[in-house]
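Participant: There's a structure below that I have some questions on.
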Amino acid sequence: MAVLYKSARLSRNLYNKSLSILNEDKLIRSFRTVVQETKPSRGIFKTSLIGAVIGTAIGIGYAFEKINRDRKNLALEGSEIKVDILKTKPPVSPSRKIPSPVDPTNLKLTLFQYQSCPFCCKVRTFLDYYGISYDIVEVNPLFRNEIKWSSYKKVPILLAKVNGGYQPLNDSSMIISVLASYLNDQQYNLDELSKYYPIIAMHDDDGKFKHEIVNKYFLMYQGSIPKNRSLDDIVEERKWRQWADDVFIHTLSPNVYRTLGESYQTFQMFSKIGRWEEYFPFWERTLMMNFGAVIMWIIGKRLKKRHNLNDDVRQSFYDELNTWLKAIDARGGTFMGGNTPDLSDLTVYGILRSIEECDTFKDAIKHTKIDNWFKAMKELVDNHSGATLLNS
Ligand SMILES: N[C@@H](CCC(=O)N[C@@H](CS)C(=O)NCC(=O)O)C(=O)O
């Protein structure tokens, strides 16, 4: 009872108080034109001050974080970054399996990838050409939960079953070099071969910290080069693989994200080819498409500047394709490797395959002579033609 009373009294008091407040409010409102004059400027001043304090705090926090990071990176300079064998397979189920009826190896491989990433397409092209079976894990580009187990945060990552566990191989060119060395001479396992490609922490010429993979364009021939290859072939193959990574690949992004329209087209293609509808929920897809298309359109402009492309970015793309075709002509065969593709053919084809459905590629077919070489490559890769070379 007492409680009820107390609360009734409390509510009555509150009611009276609010009435008097309302009356005061009415009074204030009638003088509003005079009283309100000074309020906004005080508000703006206060907001600006708070903004400046927060901004400065964030700036100082970022500067401290950067100093710490730089200090750590400096301490790491020249040291080797170890990639350990995993004792158990990460608990991620494959998105799909790519079985090959002609697989000449017993390799058990899982490729963590984005379907349309040019680096991942390079690796798939190699596996497809040699008819090697593999599983695919499609990685969500926004959250990358599927590669949480890895300290390397890019794709492709190839996880190979080896004695004692699973060996992660990071970086498309290193993956291709390890696999090609293995196919050439299977007396060394993939984990043993991967040791010939140490990862070194270093700063590049622009002072940017990075992990450099030593030897990534070199095959480990263990003392003797194959009978059907000359030293000149090997040097040329290495040179053009590096050109593909250092020059050619950088002409892609500014082209496929050239306009907002093309950027959306590219992301629609990613969604279709990467089967995003199957693997990612609606809201993640919508976020990836819209956020991705706008961000990449903006980044594409910065990449154009960074890699010194023409204002007409298509022209830079055509120029590099013509450089490639001219070099093949100079070597006198259908491919850079002569009558059969070498690793540089597989690399350039893999990169181009990633944008096959984009306007950029369709324009290149009209404005360059890349079509014949591209079709010849497609046929050989789709038919796993490399497998016959391994059996011979
Ligand atoms: N050098 C690496 C480059 C790999 C790379 O940059 N991959 C991109 C995807 S195309 C990536 O994973 N970027 C980080 C991200 O998406 O967060 C390679 O050849 O594999």
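Read the figures in this text as sums done on the coordinates, not as results from a lab. This one's a predicted model, so the numbers in the text were calculated from it and none came from an experiment. When we count neighbours, we look across all protein chains shown, and the Cβ atoms used for this are built from the backbone with ideal geometry, even at glycine.
Participant: Which of the trypsin sites (Lys or Arg not before Pro) found in segment 99-203 are in a DSSP loop and have at most 14 neighbouring Cβ atoms, other than their own, within 10 Å?
Facilitator: Working: sites: Lys108, Lys122, Arg124, Arg144, Lys148, Lys153, Lys154, Lys161, Lys195; in loops: Lys108, Arg144, Lys148, Lys153, Lys154, Lys195.
Passing sites in segment 99-203 are Lys108, Lys148, Lys153, Lys195.
Participant: Could you pull out every residue, at least 5 positions away or on a different chain, whose amide H is within less than 5 Å of the one on Val137? Hs are placed 1.01 Å off N in the peptide plane, and Pro or chain starts have none.
Facilitator: Amide H neighbours of Val137: Ser95, Leu111, Phe112, Gln113.
Participant: So in the chain, which Cys have no other cysteine's beta-carbon sitting under 4.7 angstrom from theirs?
Facilitator: Cys121, Cys358
Participant: Mind checking which lysines have their C-alpha under 22 Å from Lys97, skipping anything on the same chain fewer than 8 residues away?
Facilitator: Lys89, Lys108, Lys122, Lys148, Lys154, Lys161, Lys272, Lys378
Participant: Give me the orientation-averaged projected area of the Cα convex hull of segment 96-228, in nm², one decimal.
Facilitator: On the way: hull surface 39.0 nm².
Result: a mean projected hull area of 9.8 nm².
Participant: For the chain, I need the span (max minus min coordinate) of the C-alpha atoms along each principal axis, in Å, sorted largest to smallest.
Facilitator: Taking the Cα atoms of the chain, the three principal extents are 101, 52, 44 Å.
Participant: Can you compute the FRET efficiency between Leu287 and Asn228 using 1/(1 + (r/R0)^6), with r the Cβ-Cβ distance and R0 = 56 Å? Round to the nearest 0.05. Display every interim value, and only then the final one.
Facilitator: Values: r = 50 Å, r/R0 = 0.90.
Step by step, r from the Cβ atoms, then E = 0.65.
Participant: So what's the net charge close to Leu231: Lys and Arg +1, Asp and Glu -1, counting the other residues with Cβ under 13 Å from its Cβ? Provide the component values of the computation, followed by the final result.
Facilitator: Working: positive: Lys227, Arg229, Arg238, Lys239; negative: Asp232, Asp233, Glu236, Glu237.
Summing Lys/Arg as +1 and Asp/Glu as -1 gives 0.
Participant: Remind me, relative contact order of segment 261-392 in percent, using alpha carbon pairs under 8 angstrom and six or more residues apart? Before the final figure, lay out each step's value.
Facilitator: On the way: 71 pairs, mean separation 26.3, N = 132.
Value for segment 261-392: 20 percent.
Participant: Here's something else I'd like to know. What number, rounded to the nearest 500 deg cm²/dmol, is the helix-based mean residue ellipticity at 222 nm of the chain, given -39500 (n - 2.57) per DSSP H run of at least four residues and division by all its residues? The partial results should precede the final answer.
Facilitator: Numbers: 16 runs with 223 residues, N = 392.
The per-residue figure over the chain is -18500 deg cm²/dmol.
Participant: To the nearest 20 debye, what is the magnitude of the charge dipole of the chain about its Cα centre, counting +1 on the Cβ of each Lys and Arg and -1 on the Cβ of each Asp and Glu?
Facilitator: On the way: 54 positive and 45 negative charges, 518 e Å.
Computed charge dipole of the chain: roughly 2480 debye.
Participant: Name the residue farthest towards the positive end of the dipole of the chain from the options Leu309, Asn68, Thr259, assuming +1 on Cβ of Lys and Arg, -1 on Cβ of Asp and Glu, about the Cα centre.
Facilitator: Result: Asn68, furthest along the dipole toward the positive end.
Participant: So what's the Cα pair-distance distribution over segment 207-336, bin width 10 Å, in %?
Facilitator: All Cα pairs considered, the percentages come to 11, 27, 28, 24, 10, 1.
Participant: Picking from Ser116, Ser93, Ser177, which is most flexible by a Gaussian network model of the chain using Cα springs under 10 Å?
Facilitator: Ser93
Participant: Please identify, among Ile60, Ile50, Ile295, the residue showing maximal mean-square fluctuation in a Gaussian network model of the chain using a 10 angstrom Cα cutoff.
Facilitator: So, out of Ile60, Ile50, Ile295, the one fluctuating most is Ile50.
Participant: How about Lys195: which aspartates and glutamates have a C-alpha closer than 13 Å to its C-alpha, ignoring those fewer than 8 places off in the same chain?
Facilitator: Glu80, Asp84
Participant: Considering Cα pairs under 8 angstrom that are at least six residues apart, work out the relative contact order of the chain and quote it in whole percent. Before the final figure, lay out each step's value.
Facilitator: Numbers: 465 pairs, mean separation 70.5, N = 392.
Computed value for the chain: 18 percent relative contact order.
Participant: Of Tyr114, Tyr349, Tyr188, which has the largest mean-square fluctuation in a 10 Å C-alpha GNM of the chain?
Facilitator: Tyr188
Participant: Given Tyr221, Pro104, Asn140, which one lies farthest toward the positive end of the charge dipole of segment 96-228, if we put +1 on the Cβ of every Lys and Arg and -1 on the Cβ of every Asp and Glu?
Facilitator: Of the options given, the answer is Asn140.
Participant: Now a separate question. How would you order 214-224, 373-383 from highest to lowest mean count of nearby Cβ atoms within 10 Å?
Facilitator: Values: 214-224: 14.9, 373-383: 16.6.
Top of the packing list down: 373-383, 214-224.
Participant: Using the count of nearby Cβ atoms within 10 Å as a rough guide to exposure, how do Phe45, Phe248 rank from fewest to most? Present the calculation step by step, with values, prior to reporting the outcome.
Facilitator: Details: Phe45 10, Phe248 20.
Ascending Cβ contact count within 10 Å gives the list Phe45, Phe248.
Participant: Find which of Ala201, Cys117, Leu183 sits farthest along the positive direction of the dipole of segment 96-228, computed with +1 on the beta-carbon of Lys and Arg, -1 on that of Asp and Glu, about the Cα centre.
Facilitator: Positive-most Cα among the choices belongs to Cys117.
Participant: What span do the alpha-carbon atoms of segment 308-355 cover on each of the three principal axes, reported in whole Å from largest to smallest?
Facilitator: 37, 24, 14
Participant: Just tell me which lysines come within less than 17 Å, Cα to Cα, of Lys72; anything on the same chain fewer than 8 places away is out.
Facilitator: Lys82, Lys208, Lys210
Participant: Separate question: Order the peptides 350-360, 331-341 from the highest to the lowest mean number of other Cβ atoms within 10 Å of their residues.
Facilitator: Averaged packing, sorted descending, gives the order 350-360, 331-341.
Participant: What is segment 96-228's relative contact order, in percent, from Cα pairs under 8 angstrom and six or more apart in sequence?
Facilitator: Answer for segment 96-228 is 20 percent.
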